[in-house]
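Q: Take this structure, written in structure tokens, and hold onto it; I'll ask about it next.
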Amino acid sequence: MKCDHFSGNPAPPETSPVTACGTERTTSENNSMKKIFTIILLCVIGTTAYCQDAPGTFIAKPPQPWISDGIIYQVFLRSFTSEGTLKAATRRLDDIAELGATIIYLSPVMLADTSTNREFWSPRQKTAPGNNPRNPYRIMDYYQIDPEYGTGDDLKEFIATAHRLGLRVLLDIVFSRTGPSYSSLTQNPENYLLDSHGKYLPDAYNFLRLNVASKGLREYLIKNLEYWIKEYDVDGFRCDSAGDTPVDFWDEARARVEKMRPDAAMLAEGNVPDQMLRAFDVSYGVHVWNYALRDVFVDGKPASFLRETWEKQNKRFPAGALLLRYSDNHDLRRTDILFGEKGGKAVNVCNYMLDGVPFIYNGQEIGDGAPIGIWAHYPILWEAGGLPEKSTERNWYKQLITLRKSAKVLRSGKTIWLETDKPDAVAAFVRRDGDEEILTVVNVSNRLINDAVVALPEVKDGKYDVIFTNGKSKEVTMTKGKIHVPLESFGYLVCKPGKGAGTDK
């Protein structure tokens, strides 16, 4: 059965998972017929965002409310403080809570491999200054805390403090590969993928690729997740390079995690739609959206490319799937360096007003420009945060976060992209949930636009109140379904219907 793709992020229906082409994953003929009928109905009314001929269910696992409503803040310990330790990071948790973030994603704290054999170093590692073998994403023991960051008690205090402040904690795990010195695993070759000569099959980083088809290894890894929940009270996991590990492993892992902690959540660094069916609450979509932002705001692709990218991802992933929206992380260039301060703000207006889960990397809120280095210790210059310009930038992010958290439509409303008269320079979309609506217009270029026309065919006329902008408008007049908006370079406008705004609904 061929089904058309539809856009939008409707709430998943209360049905059990079915395959995209209507074959149920049970042996019950009656239930199968019900699911086939459900699929036909969804395809007709246009509520599914993922319907393909290839086997695979099409409704995403409903995410935990605390993550779908949340703001994720990454703490990368080597840069977060001058000390680079858990104790020092704990002392800064108040600042994260005050900013408005609700979830901390903590970079790996497991013991890093110390092997100096450069055969097992990644290309970037070989060229990084310091000749440091200790890559936090090349693990030597999943059950030990790396003394570089502190002790088990330090981690417990970090998490307990975060919880007292109302912050959840996702622990970063790396289950696709290890370093060569993981003795309790390397002593059994079945734990790793081997070539035809019995030698380790390295991944793109020259690390040893794990073989989760091994039942013993699979149990070892899942028990490790249970260990971090039981011993340290983590709220869930950010899973590094999740796309390099088979979906069935993550499905089993999530089921086991939920038995221990029903409200746990998992974030996938990957671009595998099927991982969203049973295992993960949020997906990076790898860097597809982030690359699109760079293509548009830096390299000059038309604003319409953002919509095209969003639509392609929306069709590719299951209905209800959440994607991460970010401009910065430990693998990327800093936001203000790549996009510039004004461009970075316009980028994040897009990220925070769109569907998905907003993300902020430590130091981004003050426009930190310290180089990112996985192997080096380049601490954020938090002292600069007291300077007027940096303080203003932090307050701007705080206002953006407050807006996101205060408007339910921004967290769960449908996204509707709008036509503009300048598709090369202006992106516009509405978030809508029933009678609640918020409109966002963004100038993706560094040139002044005196008059951008945005079409809203459902709106006849009326006033829209401006709630967030870097322009001077306090309200926008819409007549016959069109608005005329002046936008400065990288200008943005967020507004909502005021009293008397008429509609054709």
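Q: Are there trypsin sites (Lys or Arg not before Pro) in the range 150-225 that DSSP marks as loop and that have at most 14 other Cβ atoms within 10 Å, and which are they? All intermediate terms of the calculation are to be shown ahead of the outcome.
A: Details: sites: K156, R164, R168, R177, K199, R209, K215, R218, K223; in loops: K199.
Passing sites in the range 150-225 are K199.
Q: If the limit is 27 Å between Cα atoms, which of K315/K499; K230/K405; K126/K390; K215/K259 go over it?
A: K315/K499; K230/K405; K126/K390
Q: Hey, can you grab everything whose amide H is under 5 Å from the amide H of A321? Only 5+ residues off in sequence or another chain; H modelled, so Pro and N-termini drop out.
A: A60
Q: I would also like to ask the following. When the chain is fully extended, how far beyond the present Cα-Cα distance does E436 get from D331, taking 0.36 nm per residue of separation?
A: Taking 0.36 nm per residue and subtracting the Cα distance, the gain is 34.1 nm.
Q: Could I ask something else about it? Given C-alpha coordinates of the range 133-174, what is the ratio Rg to Rh with the Kirkwood estimate of Rh?
A: On the Cα set of the range 133-174, Rg over Rh gives 1.01.
Q: In Å, what Kirkwood hydrodynamic radius results for the range 412-497 from the alpha-carbon pair distances?
A: One decimal place: 12.7 Å for the Kirkwood radius.
Q: Evaluated at 37 °C with a viscosity of 0.692 mPa s, what Stokes-Einstein diffusion coefficient in µm²/s does the range 113-188 have when Rh comes from the Kirkwood expression over alpha-carbon pairs?
A: 228
Q: Can I ask one more? Grab the beta carbon distance between W66 and E383, set R0 = 35 Å, and tell me the FRET efficiency rounded to 0.05.
A: About 0.60, to the nearest 0.05.
Q: Moving to a separate point now. In the range 347-435, what GluC sites (Glu not before Pro) fall in a loop by DSSP, with at most 15 other Cβ atoms inside 10 Å?
A: Here the sparse-neighbourhood loop sites are E419.
Q: Considering only C-alpha atoms, what is the centroid distance from the range 278-300 to the range 331-359, in Å?
A: Going from one Cα centre to the other spans 11 Å.
Q: Something else about it: Determine the principal axes of the Cα atoms in the chain, then give the extent along each, sorted from largest to smallest and rounded to whole angstroms.
A: Principal-axis extents of the Cα atoms in the chain, largest first: 72, 67, 42 Å.
Q: Given K312/K422; K345/K408; K223/K408; K61/K408, which pairs have Cα atoms separated by over 26 Å?
A: Pairs exceeding 26 Å: K223/K408.
No lab work stands behind these numbers, since they all come straight from the coordinates. In this text the structure is predicted, and so the values were computed from the model without any measurement. Note that we place each Cβ from the backbone using ideal geometry, even for glycine, and neighbour counts take in every protein chain shown.
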